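The values are calculated or read from the model by the stated rules, or taken from the named source; none is laboratory data. Predicted model, so just to flag it, every value in this text is computed and none were measured. A quick note on method: Cβ atoms are made from the backbone with ideal geometry, for glycine too, and the neighbour counts reach across all protein chains shown. For the accessible areas, the whole protein counts, side chains as well, though only heavy atoms, and no ligand, DNA or RNA atoms are used. Shrake-Rupley method; radii C 1.70, N 1.55, O 1.52, S 1.80 Å.
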Amino acid sequence: PLRLGFLDEELSGPPATAAPWLERANDVGADVVRVSSGWGAVAPSRPARPTDADDPAYRWDALDQAVRNAAGAGLAPLVALTGAPEWAEGPGRPASAQPGSWRPDAAAFGAFATALARRYDGSWPDPLRPGSTLPRARDFQPWNEPNLDAYLAPQWTRGRGGFSNTGATLYRDLLNAFYRGIKASQPQATVVSAGTAPFGDPQPGGRRTMPARFLRNVLCVSATGRRTCAHRVSFDAIAHHPYSVGAPTRSALNPDDVSIPDLGRLTRPVRDAVRLGQALPRGPKPLWITEISYDSSPPDPDGVPAARHARWTQQAIALLARQGASVITWYLIRDQAPEPSFGETNQSGMFLRDGTAKQAATAFGFPLAVTRRRSTTARVWLRAPAAGIVRIERRVGGRWALALTVGARRHEVVERVVRRKGATALRARQAGATSLSWPLG
């Protein structure tokens with residue numbers, strides 16, 4: 001199955017306000033909620049017993065509620081932590097560095113991870129519900145977009161031999177410490193590396209590192225698949241945020257930037273690192289897309305028109321899955337209010353502010369795309385919304401006719417070749433749900 005989900009503060013707030021959006025997330029076939037929090041928000045002061053989730057320095061309330069919300073709606077929480085508390089930053093943070101980004105203490109982060117995984121191992125008493133335990137979280141993600149100095153700084157330092165990618169070294173230490181800490185409490189948990197931002201500066205020394213270059217430096221492998229240093233790094237899955245400046249088929253211009261069609265620029269160095277023993281534990285590393293979206297019009301006048309927004313939504317999901325993505329979390333289920341402006345907020349939800357579903361909600365819940373077309377055939381990709389028979393239909397003239405049927409499990413990916421026979425469009429139906437049609441013109 002292909003797991004889809006959302007990242008949205010609407011899903012992590014008080015139960016009364018979160019409940020209708022969690023229900024809508026279920027309605028459009030979500031499996032996952034990416035629960036994002038700050039390390040500094042949970043540990044604003046240094047704990048005396050950092051591996052003990054009961055230390056009085058910890059402030060778990062908001063994160064507890066977010067995990068309760070997700071699990072209570074039958075959705076798996078992916079717990080993502082970023083931003084160091086002031087006490088865990090390195091000395092001498094310059095005024096240009098964002099709070100929480102400056103040389104975070106990896107050992108302290110690892111100790112915190114032990115407490116984090118222990119609290120959400122499924123046996124920790126729920127402080128709001130005597131006699132009950134907090135839900136279990138199985139998936140954890142250390143940091144957000146560490147190839148940007150807004151989250152991890154400095155990205156580069158200058159030495160006698162030129163620039164060094166300090167951000168990659170800092171992140172390798174953070175990831176290793178977090179992995180050890182999580183596994184100390186939950187050996188079977190999944191540690192997903194931080195989703196990298198899609199674009200960076202072409203030359204070393206800037207505030208952004210191109211994601212493929214950053215990942216190679218974290219893994220100590222070269223662009224030609226050779227070992228470049230002796231350091232190893234531990235993680236279970238690799239993540240990225242492949243935003244695009246255009247259609248989902250548009251590649252990033254720079255060879256080390258990574259948009260939707262370019263995921264091989266990340267998966268190749270990961271395979272090289274596994275082969276060389278640089279990435280541990282040995283074995284395949286699944287690919288997670290932990291943030292992706294497009295803004296729509298309406299409501300944003302500069303967004304993608306609604307019908308195209310829906311088409312791009314399902315096309316992006318299909319392209320990402322066909323490159324190996326096993327989890328995709330969309331940024332926003334509900335549009336943000338345009339305050340102070342549309343340009344400074346996001347209108348990428350599946351629903352408008354008033355709860356009205358966009359066309360993209362259908363595309364997300366039952367995505368279908370034609371991935372290849374020939375004169376007599378077309379290859380159809382889809383994700384089944386439920387278990388049962390899927391009917392793939394073609395439109396000939398003004399009528400829909402059955403092309404083929406296929407059995408599928410809930411949220412299973414199906415890919416089949418369909419004969420066109422004069423069809424002008426294809427669609428799929430299952431269990432009362434109908435996908436958007438895909439024109440064959």
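Taking the condition touching a residue at least 12 places away in the same chain (Cβ under 8 Å), open to solvent by 30 Å² or more (accessible area, probe 1.4 Å) and more than 24 Å from the chain's Cα centre (by Cα), does residue 105 pass? Here the answer is yes, as residue 105 does meet what is asked.
So that you can scan it fast, the table gives a plain yes or no per residue for (1) more than 30 Å from residue 388 (Cα to Cα); (2) free of Cβ contacts under 8 Å to residues at least 60 places away in the same chain; (3) not basic (Lys, Arg):
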site: 27; (1), (2), (3): no, no, yes
site: 36; (1), (2), (3): yes, no, yes
site: 49; (1), (2), (3): yes, yes, no
site: 67; (1), (2), (3): yes, no, yes
site: 78; (1), (2), (3): no, no, yes
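Summed over segment 394-430, the residues that are under 21 Å from residue 317 (Cβ atoms), exposed (fewer than 15 other Cβ atoms within 10 Å of the Cβ) and of a type in the set (A, V, I, L, M, F, W, C) give a count of 1. Taking first residues from segment 424-441 that are under 15 Å from residue 398 (Cα atoms) and among the charged types (D, E, K, R) and partners that are open to solvent by 40 Å² or more (accessible area, probe 1.4 Å) and in a loop (DSSP other than H, G, I, E, B), the Cβ contacts under 8 Å between residues at least 6 apart in sequence or on separate chains come to 427/436; 427/437. Note on segment 216-246: among residues that are in contact with a strand residue (DSSP E or B) (Cβ under 9 Å, 6 or more places away or on another chain) and under 28 Å from residue 295 (Cα atoms), the one that is surrounded by the most Cβ atoms within 10 Å (Cβ to Cβ) is 240. If you filter segment 156-194 down to residues that are part of a loop (DSSP other than H, G, I, E, B) and either at pLDDT below 95 or touching a Lys or Arg at 6+ places or on another chain (Cβ under 9 Å) (or both), you find that the one that is most open to solvent (accessible area, probe 1.4 Å) is 160. Here residue 133 passes the criteria (1) hydroxyl-bearing (Ser, Thr, Tyr); (2) crowded, with 17+ Cβ neighbours inside 10 Å; (3) touching a Phe, Trp or Tyr at 6+ places or on another chain (Cβ under 7 Å) except the one numbered (2). The lone criterion from (1) open to solvent by 10 Å² or more (accessible area, probe 1.4 Å); (2) farther than 30 Å from residue 1 by Cα left unmet by residue 100 is number (1).
Looking only at segment 378-392, decide whether some residue is of a type outside the set (A, V, I, L, M, F, W, C), assigned to a loop (DSSP other than H, G, I, E, B) and farther than 15 Å from residue 313 by Cβ. No, there is no match, as no residue in segment 378-392 is of a type outside the set (A, V, I, L, M, F, W, C), assigned to a loop (DSSP other than H, G, I, E, B) and farther than 15 Å from residue 313 by Cβ.
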